[in-house]
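The values are calculated or read from the model by the stated rules, or taken from the named source; none is laboratory data. Quick caveat, the model's predicted, so the values are computed rather than measured. Ideal geometry is used to build each Cβ from the backbone, glycine not excepted, and the neighbour counts take in all protein chains shown. Heads up: the accessible areas ignore ligands, DNA and RNA and are worked out on the full protein's heavy atoms, side chains in. Shrake-Rupley method; radii C 1.70, N 1.55, O 1.52, S 1.80 Å.
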Amino acid sequence: MAEGIRNVSDRKKLGELLCEKRYLDDISLQNALLQQQQQPRLKLGRILVEGGFVTRRQLNEVLSSQAGIAVADLENTSIPPEVISLVPADLVSKYTILPIERQNGRLILAMADPFETQAVEDVRMVTGCSIRRQYGNPAEMERAILKYYGSNVGRMLENLAPHEQQQSGGDTVEGGELSDDKLQELAREPSLVNLVNLILLEAVEARASDVHIEPFEKSVKIKYRIDGMLIEKSNSPKKLQAAIISRIKIMANMNIAERFVPQDGHIEFSGKKGRIDIRVSTVPSVFGESITMRLLDRSAALISLENLGMNPRVLGGYQQCLNKAHGIVLVTGPTGSGKTTTLYAALNRIYKPSLKIITIEDPVEYQLEGIVQMPVNPRRGLTFSRGLRHIVRQDPDIIMVGEIRDKETADIAIRSALTGHLVFSTLHTNDAPGAVTRLIDMGVEPFLLASSLEGVLAQRLVRKICPSCKERFKPSDSLLNSLNNSITISPDADLYHGRGCDECNNTGMRGRIGIFELLRMTEPLRKLIAGKPTTEQLVTTAADDHVCMRHDGIEKILQGLTSPEEVLRVTQGIEEE
């Protein structure tokens, strides 16, 4: 008994095992442990994964070793068909599991996450067997699942239409189009329902933000946008085009008979981790309707300001803007640069029950606790400007306007800021000083802008180097010369890139982080803005600690967070200092 107690107490701790595997360094471990002291209810593993210190795969691998769970040898194991038939494909796809062997009423189950108790319970209920867990490497699991189940989108498409040039006869109408009744029938076929569900599940699992279904002359391309980059995943046979598109339109409550006018719709989809809201947009093209679906994971925790990637200088300056009693604070950048995420993080930071906060957005992407959120509805006449007029009558302390698109919205927002409200909004400009000149070009009076503006935060998202295949490398001199800015990169500096591995789909990059430029208002700047300045004059007059986004990107390169190529890609075309 004493021996058993000693063995338990001698078991190595999670952080120690992660460091031994070189998945974690001592500094990151100490930071995570410090965060755990501040939030004792959070487990260390969750802190490490959510903070980006380790991947979920690395955590599961080490936790399995710590718990004494065996590792499945999937490369050298042959699984009998009768064992495969025990567990249905939908459970295999949902939980990333694989039955390996059955022995005397016990089923050996390989699991990418051996601590998914619901998966164990579901398999036990379906098979009637007791379950013995084994840890399966996710990359090996994916290959084995494809081998034994063939349940990925590409294989399912092949199973549904093995001869893609073959066209079914008798179901078409004049012009080669399927009748509406036939489209309804095809779209409700169980195989088509499963295919579209699998496309969405695969996209969620791949961390995609968007799914694109693009029709061409001989095929339909299915693409996922992952970490801001569009990746082609599967090609669908042309004969499935009408059924796939019709199925998505039925799910989104669109008019299935209307194929020549753009439509918008909405799908609520249940993923592995909870509800996913999907915004659907269709446009007619030469070869049929093209569909784009934006995935919004409402179960995902909102990112805090500290985790957006701001350096201490920018974070401190931005928090000063948030603490103002009134004024307007802007976030700028192109579509998909994370502006809404930053604004949500800001509202979460400053919210308290004593404040009335109202937003008007297009659309409302995430529900914020304690905050009144209004979606625009142009069909019913609810635009940003009209909604903003009514928000002001609701006695708010803080207002968020999703985007300033015209002079009317800009005027109301600025006058609201001058009458005692703190107003947040976004603009589409390349950099922070450009927001000032854009508003003046819209027709905003410079003296009103000078009095109300408190700060402009410009941002871009750069992909992070994959931690699983990160390695040192020496970039070319021409690349370093292209990047040189207000700080330069020494040829002897330790720089990193991703080699490419299964964790990152061989891209070398996984996840994203922001690079930022903050223009805080000072008295010299206010005087300058009142006189309709140029962007160059604004940069010259900015505070001494003001730096551009490329400078911030170079700092993140030197920290080993991203690569020189990535910073150069997202900052090309931005005015340099």
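Below are the figures for this structure:
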read-out	value
Alpha-carbon centroids, segment 233-308 and segment 44-82: separation in whole Å	32 Å
Those Cys residues of the chain for which no other cysteine Cβ falls under 4.7 Å	C19, C129, C321, C548
Accessible surface of segment 190-328, 1.4 Å probe, proportion on carbon and sulfur as whole %	52 percent
Exposure of M254 as accessible area (Å², to 10), given a probe of 1.4 Å and all protein chains	20 Å²
Sites Q38 and N323 - FRET efficiency at Förster radius 25 Å, r taken between beta-carbons, to 0.05	0.70
DSSP-loop GluC sites (Glu not before Pro) across segment 31-126, with at most 11 other Cβ within 10 angstrom	E75
Cα long-axis angle, helix 312-322 against the chain (0 to 90 degrees, to the nearest 10)	70 degrees
Cubic angstrom per residue, convex hull over Cα atoms of the chain	201 Å³
Length released on extending from A139 to R393, taking residue separation times 0.36 nm less the Cα-Cα span	85.9 nm
Cross-link partners of K324 among lysines (Cα-Cα below 22 Å; sequence separation of 8 or more within a chain)	K339, K352, K356, K527
Karplus (6.51, -1.76, 1.60) ³J(HN,Hα), θ = phi - 60°, over segment 453-462, in Hz, Gly and Pro reported as x	6, 10, x, 10, 10, 9, 8, 9, 10, 10
Within the accessible area of segment 393-551 (1.4 Å probe), percent carbon and sulfur	43 percent
Largest-first ordering by accessible area, 1.4 Å probe, given options E536, E202	E536, E202
Probe 1.4 Å, accessible area per residue of the chain, Å²	49 Å²
Surface share of carbon and sulfur [accessible, 1.4 angstrom probe, percent] for segment 1-133	48 percent
Within straight-line cross-link reach of K249, lysines at Cα separation under 26 Å, skipping those fewer than 8 residues along the same chain	K94, K182, K218, K221, K223, K233, K238, K239, K272, K273
Simple Cβ-charge dipole of segment 336-389, Lys/Arg +1 and Asp/Glu -1, about Cα centre, in debye nearest 20	240 debye
The chain: angle of helix 56-66 to the longest principal axis, Cα-based, in degrees nearest 10	50 degrees
Trypsin sites (Lys or Arg not before Pro) lying in DSSP loop within segment 321-397, provided at most 10 other Cβ fall within 10 Å	R393
